[in-house]
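Asker: Below are the structure tokens for one structure; questions will follow.
The values are calculated or read from the model by the stated rules, or taken from the named source; none is laboratory data. What you see is a predicted model; the values in this text were computed from it and never measured. Please note that ligands, DNA and RNA were not included when accessible areas were found on the heavy atoms of the full protein model with its side chains. Shrake-Rupley method; radii C 1.70, N 1.55, O 1.52, S 1.80 Å.
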Amino acid sequence: MTPSTADRPDMSVEDFEELARRAPGTVTLEFINGRLRVKPVPDGDHGAIFMWLLRQCMRHRPDLDLHPEQGLLMDTCRTHRRDRVDKGRAYAYGDVPVYLLVDRDDDTLTVFSEPKDGVYQRHPSYPFGATVPLPAPVGITLDTDRLKDFAH
């Protein structure tokens, strides 16, 4: 019996990594569940939120190795499934210990942690403005008041 093409990945991980190295700065590549996707570079608010979060983490835990948006490929448009299901599943399968979802549509920050068999066991959500504890290995507390500036 021959496996269907739907069951085979678009390319090998090694090929994806080479492609990602050569991709222009106007797109972001993601490779999730064996599928390659291209998305436009995030908007300015996304970048500002990212930098805010990076500064918070580095201020509290400069010893952490952070790997933001590294090596993922998704649909070209922002979708509920991509952000809330596919990315989380891929990160959980990769044993990424903490995954944050900043949701500007719902004005919430969700903290995914305790990955097991491709599923995060914990995923509490907090409104923008709340004090949010990030579990180990991050182990810091975020004051998310600044995220109110990005609410829709």
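Asker: Sort segment 84-152 into rounded, prolate or oblate with this rule: let a ≥ b ≥ c be the square roots of the eigenvalues of the Cα gyration tensor; rounded if a/c is under 1.5, and if a/c is not under 1.5, prolate when a/b is larger than b/c, oblate otherwise.
Answerer: It is oblate, given that a/c is not under 1.5 and a/b is not larger than b/c.
Asker: Taking amide hydrogens as modeled 1.01 Å from N in the peptide plane, which residues meet the under 5 Å criterion relative to Arg35, leaving out close sequence neighbours?
Answerer: When sequence neighbours closer than 5 places are left aside, the close amide H contacts are Asp10.
Asker: Stretch Val96-Val13 to full length: gain in nm at 0.36 nm per residue minus the Cα-Cα span?
Answerer: That pair, Val96 and Val13, stretches by 28.1 nm at full extension.
Asker: With every protein chain present, what accessible area does Glu14 have (1.4 Å probe, heavy atoms only), rounded to the nearest 10 Å²?
Answerer: Using a 1.4 Å probe on the heavy atoms, I get roughly 120 Å².
Asker: Report, by chain and number, residues whose modeled amide H sits under 5 Å from the one on Gly129, excluding near sequence neighbours (fewer than 5 apart, same chain).
Answerer: Distant-sequence amide H within range of Gly129: Thr144, Asp145, Leu147, Lys148.
Asker: Using amide H atoms built in the peptide plane, which far-off residues or other-chain residues are under 5 Å from Thr28 H to H?
Answerer: Under 5 Å from the amide H of Thr28: Lys39, Val41.
Asker: Here is a further query. Once fully extended, how much extra length lies between Phe50 and Asp105, figured as 0.36 nm per residue of separation less the alpha-carbon to alpha-carbon distance?
Answerer: Once the chain is fully extended between Phe50 and Asp105, it gains 18.2 nm.
Asker: In whole Hz, with x marking every Gly and Pro, tabulate ³J(HN,Hα) for segment 94-109 from phi via Karplus 6.51 cos²θ - 1.76 cosθ + 1.60, θ = phi - 60°.
Answerer: Per-residue couplings from phi come out as x, 6, 5, x, 9, 10, 9, 10, 8, 9, 6, 7, 9, 6, 9, 10 Hz.
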